[in-house]
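**Q** If you scroll down you'll find the structure; I have some questions about it.
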Amino acid sequence: MDRFRTIFQYFQSNSESVMNGICGLLALASVKMYTCFDFSCPCLPWYNMAYGLGIMFVPPVALFLCGLILNRQSLVMLEEWRRPQGRRKKDLAVIRYMCSSIMQRAMVAPVVWIIVTLLDGKCLTCAFSSSVDPEKFVGFASTSVVQVQQLLAKVPCKDDEFMRNNTSRKAVTRYLRCWSQALGWSILLILIIAAFLVRWLRPCFNQTALLQARHWSNYIDIEQKIFEETCCEHSRLFAHKCILHFFKSMREEIKLHSFSSPEVGEGDEGEEDLLRGITDQDQVNKLLKMWYYEKPPLDVCQATQRCPLGQEKSPLLWTDSSGTRPKFPQHISV
């Protein structure tokens, strides 16, 4: 049990590993769905191609969209791309790196589906059975054009009474399946060679831009996670304070239900420090608005320049025009 807990905590802390795991699960799910799918070609001249190509390419589109939806970084990338520039400039290289990483992971399951269908051969046989040249096969040479189209459309249906023992049907099936498998293995070989070249030739070029883009893409993801965790912690403390004020006259019942109810003044100072003076709904809304429109610049030296070394910095508070209640500062340094 401890081993599974360690693995789960590792995946929680490593977003890239989580995304790789999701890609692997989607790829396995695509193979499982295809093996469980009951493929039934309509065996009609005008519907075979639509059905075969639809089975080959429509599920990959759905799997691609699922890969984008399940990838948390896709939302982070869109937010980084569409956010107002504010006090932090946008780096298009980082956005391109994130987009490339997201697309690569989302394309794994669709490519697996297409390769599996090509290696199986049923979809391509159904789609292109009517497009085969009948002169290459002896059994279709002495029939009319209309009959040839009908017979070729029934090639995928081996249970049809007219095609069950037809040797030409078996020849057409072997011909199309051979082309389908050759295409599938060719695509797989091209992908393996491309991955090999990218993996082994990348160190031969300058890695500075790649390292910078990867570093700041990870930073954006981690920054968003820490911001959400900080908001959750502030919400918990905020709710705790509101509940204590609401049930101030019911301390005895709260104690009976095993709620922690500190005495008056106990723990208030620590919670106020954690709340950082953000004590009402308007302040929280303004903070979230400022985080979206005016993200602080990536310069941690600003905080040290304002506060000399060895001196503690006071909580970030400010007052409104009347000076009666605390408000947020115009900028919170990273």
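**Q** Hey, can you tell me all the residues within region 67-88 that are in contact (Cβ under 8 Å) with a residue 60 or more places away in the chain and not in a helix (DSSP H, G or I)?
**A** Result: ARG83, PRO84, GLY86, ARG87, ARG88.
**Q** Identify the single condition in (1) of a type outside the set (D, E, K, R); (2) under 23 Å from ARG214 (Cβ atoms); (3) surrounded by 14 or more Cβ atoms within 10 Å (Cβ to Cβ) that TRP113 does not satisfy, given that it satisfies every other one.
**A** TRP113 satisfies every listed condition except (2).
**Q** Hey, another quick one. Of everything in region 189-213, what is surrounded by 10 or more Cβ atoms within 10 Å (Cβ to Cβ) and among the aromatic types (Phe, Trp, Tyr)? Give them in sequence order.
**A** PHE196
**Q** I'd like to know if region 287-296 contains one or more residues that are modelled with pLDDT under 65, surrounded by 12 or more Cβ atoms within 10 Å (Cβ to Cβ) and in contact with a Lys or Arg (Cβ under 9 Å, 6 or more places away or on another chain).
**A** Scanning region 287-296, I find no residue that is modelled with pLDDT under 65, surrounded by 12 or more Cβ atoms within 10 Å (Cβ to Cβ) and in contact with a Lys or Arg (Cβ under 9 Å, 6 or more places away or on another chain), so the answer is no.
**Q** Does PHE64 satisfy the condition of being closer than 20 Å to GLY184 by Cβ, in contact with a helix residue (DSSP H, G or I) (Cβ under 6 Å, 6 or more places away or on another chain), open to solvent by 40 Å² or more (accessible area, probe 1.4 Å) and not in a helix (DSSP H, G or I)?
**A** no
**Q** Collect the residues in region 83-110 that are open to solvent by 40 Å² or more (accessible area, probe 1.4 Å) and more than 30 Å from LYS295 (Cβ to Cβ), keeping them in residue-number order.
**A** Listed by number, the residues that qualify are MET107, VAL108.
**Q** Same structure, new question: Every residue in region 152-169 that is under 23 Å from VAL116 (Cβ atoms) and open to solvent by 80 Å² or more (accessible area, probe 1.4 Å), please.
**A** Across region 152-169, the qualifying residue is only LYS158.
The values are calculated or read from the model by the stated rules, or taken from the named source; none is laboratory data. Because the structure is a prediction, the values reported are computed rather than measured. Cβ atoms come from the backbone with ideal geometry, glycine included; neighbour counts cover every protein chain shown. Note: accessible area is taken over every heavy atom of the protein model, side chains too, but ligands, DNA and RNA are not part of it. Shrake-Rupley method; radii C 1.70, N 1.55, O 1.52, S 1.80 Å.
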